[in-house]
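Structure first, commentary second.
The values are calculated or read from the model by the stated rules, or taken from the named source; none is laboratory data. Worth saying up front: this structure is predicted, and the values here are computed from it rather than measured. Every residue, glycine as well, gets a Cβ built from its backbone with ideal geometry; the counts of neighbours run over all protein chains shown. Quick note on the areas: whole protein, heavy atoms, side chains included, nothing else; ligands and nucleic acids left out. Shrake-Rupley method; radii C 1.70, N 1.55, O 1.52, S 1.80 Å.
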Amino acid sequence: MTPQEQAQEAADMLARLTGVERHDVALVLGSGWRPAAEALGGDDAGQTVAEIATTDLPGFSAAAVAGHSGTIRSIRSGDRHLLVFLSRTHYYEGKGVAAVVHPVRTAAAAGCRTIVLTNGCGGLRDSWGPGTPVLIRDHINLTARSPIEGPHFVDLTDLYSARLRALCREVDPSLDEGVYVQFPGPHYETPAEIEMARRIGGDLVGMSTALEAIAARDAGMEVLGISLVTNLAAGISGEPLDHAEVLEAGRDAADRMGDLLARIVGRIQAGS
Ligand code: 8IG
């Protein structure tokens with residue numbers, strides 16, 4: 001079975017369990033974004049139609065990290081259906097790249113034409129304090145892996161949709177943009193690696209998103225990436241990095257991120 005066929009099986013099960021034939025917009029919530037999910041299912045933005053465990057679908061594995069729950073929510077927002085992944089599988093879990101991008105392919109097979117990939121990350125600019133959202137303009141994939149196998153050459157020139165970024169800035173003109181560097185993790189970077197990331201053009205460092213974005217483009221989806229800077233990258237502040245602080249920065253930023261996501265999703269739907 002091809003990865004796409006496996007994703008179709010998961011999408012068929014998703015339709016059965018949620019009672020929703022097709023979904024329109026997928027969102028993957030990274031570290032620090034989970035509290036923001038409530039804003040999407042709240043009264044203004046939409047209502048939760050169904051909530052299932054990732055492990056109810058074929059090809060998904062259990063969540064591995066505290067603060068990453070293995071839940072998928074189907075939310076109705078106006079006449080559109082959102083598919084919200086409240087966790088992701090990370091490359092560093094060692095389950096392979098196919099497992100990392102299976103949710104993305106499942107979303108595509110479920111009908112989603114647009115995907116919003118969010119993450120928590122380290123920031124390389126002093127002006128981005130913890131809790132600053134930044135639009136991903138482009139990425140540098142330092143995993144040395146691809147979700148695609150075989151001679152299938154996918155164009156990534158405009159991977160992170162300029163149209164969707166412009167729409168985000170209509171919602172919040174203060175949003176900055178940056179280049180996201182995906183490291184394999186799970187360790188954070190050394191200060192020397194952060195200096196390298198800066199010199200090759202990086203602004204944000206994390207352990208996700210790039211591989212998923214590639215798979216999303218391969219599946220024909222329009223991609224929006226938003227990072228939440230939860231810490232200054234290693235060596236910038238002189239302080240050590242701590243996962244608990246990452247989660248705390250997310251909680252503190254939750255209201256703003258929830259509001260931002262809900263408004264962006266509203267605009268994506270209106271415009272597509
Ligand atoms: I949250 O500083 C978060 N995720 N690689 N580096 C990397 N991943 C991260 C970081 C960080 N902060």
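Figures for the structure shown
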quantity	calculated
Net +/- balance of residues flanking residue 11 in space, Cβ distance below 11 Å, scoring K and R +1, D and E -1	-1
Given the chain, longest segment not containing exposed loop GluC sites (Glu not before Pro) (DSSP; at most 11 other Cβ within 10 Å)	22-148
Within the chain, helix-based [θ] at 222 nm, where runs of 4 or more DSSP H residues each add -39,500 (n - 2.57), nearest 500	-10500 deg cm²/dmol
77, 146, ranked by accessible area, largest first (probe 1.4 Å)	146, 77
Relative contact order for the chain, counting Cα pairs under 8 Å that sit 6 or more residues apart, in percent	27
Phi to ³J(HN,Hα) by Karplus 6.51 cos²θ - 1.76 cosθ + 1.60 over the stretch 20-35, Hz, x for Gly, Pro	9, 4, 9, 9, 10, 10, 9, 10, 10, 9, x, 3, x, 9, 4, x
Separation between Cα centres of the stretch 176-246 and the stretch 70-141, rounded to whole Å	13
Neighbourhood charge, 10 Å Cβ-Cβ cut-off, centred on residue 232 and excluding it, Lys, Arg +1 and Asp, Glu -1	-1
Solvent exposure of the chain as accessible area per residue, Å², 1.4 Å probe	42
Angle between the chain longest axis and helix 162-171 axis [Cα atoms, degrees, rounded to 10]	80
Solvent accessible area, Å² - residue 34, 1.4 Å probe, full protein context	90
Around residue 175: net Lys/Arg minus Asp/Glu count, Cβ-Cβ under 15 Å	+2
Stokes-Einstein translational diffusion, the stretch 1-139 - Kirkwood Rh over all Cα pairs, 0.890 mPa s, 25 °C, in µm²/s	157
Estimated dipole of the stretch 3-271 in Debye, rounded to 20 [Cβ of Lys and Arg +1, of Asp and Glu -1, Cα centre]	400
Residues with amide H under 5 Å from that of residue 81, placed H, sequence gap 5 or more	24, 25
Beta bridges by DSSP in the chain, antiparallel share as percent, to the nearest 5	40
